[in-house]
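S.K.: Quick one: this structure, given as structure tokens, is what I'll be asking you about.
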Amino acid sequence: MKHLTRLALAGAVAVTGAAVSAQELYTPNLSYRTGPFAATGIPLMNGQADYMNMLNARDGGIGGVPVNFEECETGYSTEKGVECYERTKDKALVTQPWSTGITLQVLPKTNVDQIPILAPGYGFSPMSDGKTFQWAFNPPASYWDGMSMILQEVSGGDLSSLAGKKIAHLHLDHPYGKEPLPLLEAMGEQHGFEVLPIPVGISEMQNQSAQWLQIRRERPDYVIMWGWGAMNAGAITEAVKTRYPMDQFIGVWWSGHSDDLQLVGEDGAGYRAISWSLPNADAPVMQAIKEHVGDKSLADTEEQGEVFYGRGVVISAILAEGIRNAQAMTGNSEVTPSDLRDGLASLNFTQERIDELGLTGMMAPFATSCADHTGHSGGWMIRWDGSQFVQDSDLLSANRAAIEPLEAEKAAEYAASNAPWPMNEACEAM
């Protein structure tokens, strides 16, 4: 199979026949350890790699087949990301684009190349619609889920209480930052609150004086941040400098990075972010990484106890479970991208399974299906207490009744604008 490197036969072949075994499961990661977003990329990539290295050392890989988790560095550049996709696709079981911009560029290629995209917690939110986006997966929660949970938290569960208020959307001027705007604007129109989009260009990330001057002038009731890399630290520093109330400043899960808050320490206390993962240094999986990866890890002990490293571990656990499902469904250790697509469409992270995998306290239950490629696990608010992020809420759930019509609308628009777009009609019967 072109998507697996196979072990060559050596020497004479026994008369009973040749046994050809899979050499590796090739699951390339389009990483970004360099550039303006490296501060967030490094711990995420470290967590992902350490989990797969642990499986290789402890279990011989997945189903006895070693995992090749090669990284292709993109620097978060869409152009370089597409180059990495093209370079790796001939052998790849999966594409992990690590950028909404790269995801959007690769998405139309998936129907042709038939390689699943795995974009945990990022990408185009309507990818949840498995009938339309049969090769794309964004478990366990989408950006629209995240925005919904934030709005429910700040409104006390009643969005009508936000009527007459002003919410600033401070965001990277990039497809990632703009992704939640359709839902936010629809909710503002429905519930009577004003939405104030405030974009931050990549060249402005470390100097946001103009954006925070606008915030000081407009005096929004809340600032919701869709930041990334150096933008997070720049925004948090400016918020402290302008004395914006930190308990009214909330970020998406990529804006909940410990290093960004450590720059301001106690002055950042009260800042919150929504998160679909929690750090738990005492979880059995973390102990397994210490035992089987040890000093080969690129992460130090402090990083391993933080949000982003733990999230990287969870992301690789999701991929590994998809591969296990594919192996179980086919009865083969050698799986194809098509097999993996089916495996990712049958994830079932019950609490029992989470505990079995050693991920206790690190993620919430969720399940995917042919029609639902996200699973919508919900998430928690985490709050900076001056020295670290701590859990600050019970598990929150997105208002799926409000999101699903918009998902269907935007999925249909995407398919129409990229016609002819093949649909997975079998999902209707599943």
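S.K.: Look at segment 101-113 and say how many of its residues are surrounded by fewer than 24 Cβ atoms within 10 Å (Cβ to Cβ) and either touching a residue at least 24 places away in the same chain (Cβ under 8 Å) or among the polar types (S, T, N, Q) (or both).
M.R.: Count: 9.
S.K.: Further question: Given the conditions (1) outside any loop (DSSP other than H, G, I, E, B); (2) modelled with pLDDT of 95 or more, report the number of the one that Ala426 does not fulfil.
M.R.: Every listed condition holds for Ala426 apart from (2).
S.K.: Kindly indicate which of Gly101, Gly146, Gly157, Gly123 is out of contact with any His (no Cβ under 7 Å at 6 or more places or on another chain) and farther than 20 Å from Ala408 by Cβ.
M.R.: Just a single option satisfies the conditions, and that option is Gly157.
S.K.: Of the residues in segment 389-423, how many are part of a loop (DSSP other than H, G, I, E, B) and in contact with a strand residue (DSSP E or B) (Cβ under 8 Å, 6 or more places away or on another chain)?
M.R.: 4
S.K.: Thr132 versus (1) at pLDDT 95 or above; (2) surrounded by fewer than 23 Cβ atoms within 10 Å (Cβ to Cβ): which is the lone unmet condition?
M.R.: So Thr132 meets the others, but not (2).
S.K.: Which of (1) surrounded by fewer than 23 Cβ atoms within 10 Å (Cβ to Cβ); (2) in contact with a Phe, Trp or Tyr (Cβ under 6 Å, 6 or more places away or on another chain) is the odd one out, the single condition Glu153 does not satisfy?
M.R.: Tallying (1) surrounded by fewer than 23 Cβ atoms within 10 Å (Cβ to Cβ); (2) in contact with a Phe, Trp or Tyr (Cβ under 6 Å, 6 or more places away or on another chain), Glu153 fails exactly one: (2).
S.K.: Of the numbered conditions (1) more than 23 Å from the chain's Cα centre (by Cα); (2) within 28 Å of Gly386 (Cβ to Cβ); (3) assigned by TED's automatic domain parsing to the domain that holds Thr40; (4) in contact (Cβ under 8 Å) with a residue 40 or more places away in the chain, Val293 satisfies every one except a single condition; which is it?
M.R.: (2)
S.K.: Also, I was wondering about something else. Which ones in segment 374-425 are charged (D, E, K, R) and over 30 Å from Asp260 (Cα atoms)?
M.R.: Scanning segment 374-425 gives Arg400, Glu404, Glu407, Glu409, Lys410, Glu413, Glu425.
S.K.: Would a scan of segment 50-58 turn up a residue that is touching a residue at least 12 places away in the same chain (Cβ under 8 Å), part of a helix (DSSP H, G or I), farther than 27 Å from Glu334 by Cβ and not assigned by TED's automatic domain parsing to the domain that holds His174?
M.R.: no
S.K.: Right, here's the next one. Does segment 321-333 hold any residues that are surrounded by fewer than 21 Cβ atoms within 10 Å (Cβ to Cβ), within 21 Å of Pro365 (Cβ to Cβ) and small (Gly, Ala, Ser), and which are they?
M.R.: Ala328, the sole residue that qualifies.
S.K.: Right, another one. One residue is enough: does segment 253-272 have a residue meeting the conditions in the same structural domain as Thr100 (by TED's automatic domain parsing), part of a helix (DSSP H, G or I) and among the charged types (D, E, K, R)?
M.R.: No: segment 253-272 contains no residue that is in the same structural domain as Thr100 (by TED's automatic domain parsing), part of a helix (DSSP H, G or I) and among the charged types (D, E, K, R).
S.K.: Considering only segment 307-349, state which residues are touching a strand residue (DSSP E or B) at 6+ places or on another chain (Cβ under 8 Å), more than 19 Å from Phe133 (Cα to Cα), modelled with pLDDT of 95 or more and not aliphatic (A, V, I, L, M).
M.R.: Matches in segment 307-349: Gly310, Arg311, Glu321, Arg324, Gln327, Asn348, Phe349.
The values are calculated or read from the model by the stated rules, or taken from the named source; none is laboratory data. All figures in this text were calculated on a predicted structure; none of them were measured in a lab. All Cβ positions, even for glycine, are placed from backbone atoms using ideal geometry, and neighbour counts span all protein chains on display.
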